[in-house]
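Some notes on the structure that comes next.
Read the figures in this text as sums done on the coordinates, not as results from a lab. These numbers were taken from a predicted model, which means no experiment stands behind them. Positions of Cβ are backbone-derived with ideal geometry, glycine not excepted, and every protein chain shown enters the neighbour counts.
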Amino acid sequence: MSEAWRCFVAVPLDEALRSALAGAVAGLRAGHQELDAGWRWSQPDQWHITLAFLGATSPASRNQLEDALRRVATGCHAFWLPTGGLGVFPTPRAARVLWYGVDDPEGRLRQLAEELRREISPDAPASFHPHVTLGRARHRHGSPVADLLRSARMPAGRLRVDQAVLFRSHLGGGPARYEALAVTPLASEGGSAAP
């Protein structure tokens, strides 16, 4: 029996948004060096918006997952979403996750996430808050970041949702590394023009 993989489905950031966000995060870190050491920062090439977390997954189920991902993706048209702002989980007084926001005013990303969850992970929790994880606090009780949130300058951008990717997460030996197992394009754009 082979070892289980840790998998999830996500939307990757396009290069333009990734580059603008990477510059803003570098400036944020340089301007708040006293906070920088208290965080484990995500690498820009790993940034994504998680749609469905699958957790421990049998390698033997890979083909079934790819088929399910294709079924959902072909029924969803590509679209654009506005992005911007900085936020935290759970609170600014004890932040454990620092994130960049994604606005989903029409609920299209939420609908895609729900369809994926129903198709490939029906037992997973239904909560969904689209975001890009920028960093995680090193201390288990979190870090106070209210001043950071007030002063941070993050780019207002846009995210093109035109594919869903099945990722495998490799843990240990530093930050998590994500391996794309399957890249599935959404149907051609419809209904929502680029902003």
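Need the full-extension length gain, ARG110 to ASP67, defined as separation in residues times 0.36 nm minus the C-alpha distance. One decimal, nm. Show your work: numbers first, answer last.
Details: separation 43, 0.36 × 43 = 15.48 nm, distance 2.05 nm.
This chain segment gains 13.4 nm when fully extended.
Residue by residue, region 129-138 carries 3J(HN,Hα) couplings of 9, x, 6, 10, 6, 9, x, 10, 5, 6 Hz when phi is fed to the Karplus relation 6.51 cos²θ - 1.76 cosθ + 1.60 (θ = phi - 60°); x denotes Gly or Pro. The H on the amide N of GLY55, modeled in the peptide plane, is under 5 Å from the matching H of CYS7, each at least 5 residues off or on a different chain.
Report, in debye and to the nearest 20, how large the dipole of region 5-185 comes out about its Cα centre when Lys and Arg carry +1 and Asp and Glu carry -1 on their Cβ.
480
Relative to the longest principal axis of the Cα atoms of the chain, the long axis of helix 62-74 makes an angle of roughly 90 degrees.
Does anyone have the angle between helix 108-120 and the longest principal axis of the chain? Alpha-carbon axes, 0 to 90°, nearest 10? Once rounded, the angle reads 50 degrees.
Other residues whose C-beta falls under 14 angstrom from the C-beta of ARG62 contribute a net charge of -1, scoring Lys and Arg +1 and Asp and Glu -1. Between the amide H of SER42 and those of GLY135, ARG136, distances stay under 5 Å, these residues lying 5 or more places away or on another chain, with hydrogens modeled in the peptide plane.
The separation of region 51-104 from region 1-38, counted between C-alpha centres, amounts to 14 Å.
Per the helix-only calculation at 222 nm, which mean residue ellipticity applies to the chain, given -39500 (n - 2.57) for every DSSP H run of n ≥ 4 and division by its residues, nearest 500 deg cm²/dmol? My calculation for the chain gives -8000 deg cm²/dmol from helical runs alone. Ranking SER42, ALA156, LEU54 by how far each Cα lies toward the positive end of the dipole of the chain (charges on Cβ) leaves SER42 at the top. Computing Rg and Dmax of the Cα atoms in Å directly from the structure and comparing it against (1) 33.8, 130; (2) 17.1, 51; (3) 18.8, 64 singles out (2).
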